Amino acid sequence: MKRIKLKVMGMSYSQTQSGAYALLLIEENGERRIPIIIGGFEAQAIVIKLENLEPPRPLTHDLFKNFADKFNIAVSEVMIHKLEDGVFFSRLVCNDGKNEYSIDSRTSDAVAIALRFACPIYIAEDILEKAQLTNSPSDTDLSPAGDTENKLELNGRFESYSDEELYKMIDDAVKTEDYERAASIRDEMEKRKKKKG
């Protein structure tokens, strides 16, 4: 089976399912992309890692990483190996230094864990071929991974606040574990830095 390496391209609100998000993965050396519908918790876990935010307490995927580290278990790769009735099936390939194990996983959890272990994400080529988006990148509503303006908050929501207010708001958002809001505030702060240039 031929495998294709993927990377996270972006995330957006799902247009088809209320309260869900669309995670977009793109082949590393090409243009083919697949959308995966995921829940809000998993979307938050992925965005936190993409935005390099530090939660005050570990989230479930961080706990998994901490637990694995304590017992010298590494996740060496994620493999999306099946597509059935619109649902992607994945495996975590783990290694304890002596043995390799394959663990069944939801794809959203697998991606969140892959980001924490900095391990590659692969997909079987026949699945990528079957599930890929057919529109061009400019036609999609998904924003790039580093750009959360349209990802998890409304664009322009924080423009009227001063820099000092934004710093306080981002601290409060992280303390209350509202990472979606923290990522959006951070984007506004980055946008201002670029303008000041």
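State all residues of segment 84-102 that are small (G, A, S) and in contact with a Ser or Thr (Cβ under 7 Å, 6 or more places away or on another chain); if no residue qualifies, say none.
Selection gives S90 alone.
Going through segment 163-190 one residue at a time, which ones are open to solvent by 50 Å² or more (accessible area, probe 1.4 Å) and without any contact (Cβ under 8 Å) to a residue 60 or more places away in the chain?
Passing the criteria: D163, E164, E165, Y167, K168, D171, D172, T176, D178, R181, E190.
Quick one: in segment 16-34, of everything that is out of contact with any Ser or Thr (no Cβ under 8 Å at 6 or more places or on another chain) and in contact (Cβ under 8 Å) with a residue 40 or more places away in the chain, which residue is surrounded by the most Cβ atoms within 10 Å (Cβ to Cβ)?
The extreme case among them is L25.
Consider S76 carefully, then state whether it is modelled with pLDDT of 90 or more and hydroxyl-bearing (S, T, Y).
yes
So is M9 assigned to a strand (DSSP E or B), of a type in the set (A, V, I, L, M, F, W, C) and in contact with a strand residue (DSSP E or B) (Cβ under 7 Å, 6 or more places away or on another chain) or not?
Working: assigned to a strand (DSSP E or B): yes; of a type in the set (A, V, I, L, M, F, W, C): yes; in contact with a strand residue (DSSP E or B) (Cβ under 7 Å, 6 or more places away or on another chain): yes.
Yes; evaluated as a whole, the condition is true for this residue.
Could you grab me the full set of residues in segment 38-70 that are aliphatic (A, V, I, L, M), modelled with pLDDT under 90 and open to solvent by 30 Å² or more (accessible area, probe 1.4 Å)?
Listed by number, the list holds a single entry, L50.
Look at segment 84-121 and say how many of its residues are under 21 Å from the mean Cα position of the chain (by Cα) and open to solvent by 40 Å² or more (accessible area, probe 1.4 Å). Can you show your working first?
The first filter runs over segment 84-121 and keeps only residues under 21 Å from the mean Cα position of the chain (by Cα), leaving 86-94, 103-121.
Subsequent filtering for residues that are open to solvent by 40 Å² or more (accessible area, probe 1.4 Å) retains 86-87, 89, 91, 103-104, 106, 115, 118.
The total comes to 9.
Please return the ranges of strands (runs of 3 or more DSSP E) entirely within segment 41-119 where 3 or more residues are among the hydroxyl-bearing types (S, T, Y) and over 17 Å from V174 (Cα atoms).
100-106
Conditions first: (1) under 27 Å from D171 (Cβ atoms); (2) touching a residue at least 60 places away in the same chain (Cβ under 8 Å); (3) under 12 Å from the mean Cα position of the chain (by Cα). I38 passes all but one, so which condition is the exception?
The one condition I38 does not meet is (1).
The values are calculated or read from the model by the stated rules, or taken from the named source; none is laboratory data. Quantities reported herein were computed from a predicted structural model and do not represent experimental measurements. Don't worry about glycine lacking a Cβ; one is built from the backbone with ideal geometry, like all the others, and counts go over all protein chains shown. The accessibility values were calculated without ligands, DNA or RNA, using every heavy atom of the protein model including side chains. Shrake-Rupley method; radii C 1.70, N 1.55, O 1.52, S 1.80 Å.
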